[in-house]
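The structure under discussion appears below in the form of structure tokens.
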Amino acid sequence: MTPLTGRTVQITRYGGPKVLAVVDASLPPLAPGEARIRTIAAGINFTDLKIRAGVWPTRRSDPFPYTPGIESVGVIEAVGSAVVDWRPGQTVVTMMQGLGGVRAERPGGYAEFVTVDADALALIHDTVDPLAMAAIGLPGVTRGSHKAGRRMTSTLVSGGLRSRTARGAGWAPRAPGITPPARSVGASIHQTAGSGDWC
């Protein structure tokens, strides 16, 4: 039986971390093209912090209550009547597409249950740790936006994304994860790090 309520993190005003509150929220019925996932992990992104603080307010005319989180990893709990490509029990990731963020078209990923358009889901293979996928999340997508002739600065040299992607892909220990794909399309890379050990 599909749950009717779920815990969610909400804010009712902009501010510091203390404005975050865990509440029980009603879950609306699924639209035909939607899927509901039970969250395993939700990434915390720079965007979430800026929105919560009010530096980047949401575009909604009535912004509160607001559930932060532009990405979520979880297991499909239920699908709408028109969804044919997904089934309950599959592990998936979803991000952006109006989930939280400044668009805030639907509540964000800081919730026990997250409802999204089924088209906004991507399957996580059984051999991939969902927590590792959550750790890579949006920065992993951002990492892929390389174009010929573009100059890029990588602050990932000593960060979590570098260590997970570069080592996981079998690249040389001192080769930051962004470098091989970006250089392959002709982008020039400038790297920064807090320690000379990684440069």
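The values are calculated or read from the model by the stated rules, or taken from the named source; none is laboratory data. Note that the structure is predicted; figures quoted are calculated from it, not measured. Here the Cβ positions follow ideal geometry from the backbone for every residue, glycine too, while neighbour counts run over all protein chains shown.
Against the definition (surrounded by 14 or more Cβ atoms within 10 Å (Cβ to Cβ) and part of a strand (DSSP E or B)), how does Ile44 come out, yes or no?
no
Take the residues in region 66-104 that are of a type in the set (Ser, Thr, Tyr) and either part of a loop (DSSP other than H, G, I, E, B) or not assigned by TED's automatic domain parsing to the domain that holds Leu27 (or both); name whichever of them is surrounded by the fewest Cβ atoms within 10 Å (Cβ to Cβ).
Going through the qualifying residues, I end up with Ser81.
Looking at region 105-126 only, could you name the residues that are of a type in the set (D, E, K, R) and either outside any strand (DSSP E or B) or over 18 Å from Pro63 (Cα atoms) (or both)?
Listed by number, the residues that qualify are Glu105, Glu112, Asp117, Asp119, Asp126.
Hey, could you check region 23-47 for residues that are among the hydroxyl-bearing types (Ser, Thr, Tyr) and under 18 Å from the mean Cα position of the chain (by Cα) and say which is modelled with the lowest pLDDT?
Selected residue: Thr47.
Pro29 is checked against (1) without any contact (Cβ under 8 Å) to a residue 24 or more places away in the chain; (2) touching a helix residue (DSSP H, G or I) at 6+ places or on another chain (Cβ under 6 Å); (3) not charged (D, E, K, R) and fails just one. What number does that condition carry?
Of everything listed in (1) without any contact (Cβ under 8 Å) to a residue 24 or more places away in the chain; (2) touching a helix residue (DSSP H, G or I) at 6+ places or on another chain (Cβ under 6 Å); (3) not charged (D, E, K, R), Pro29 misses just condition (2).
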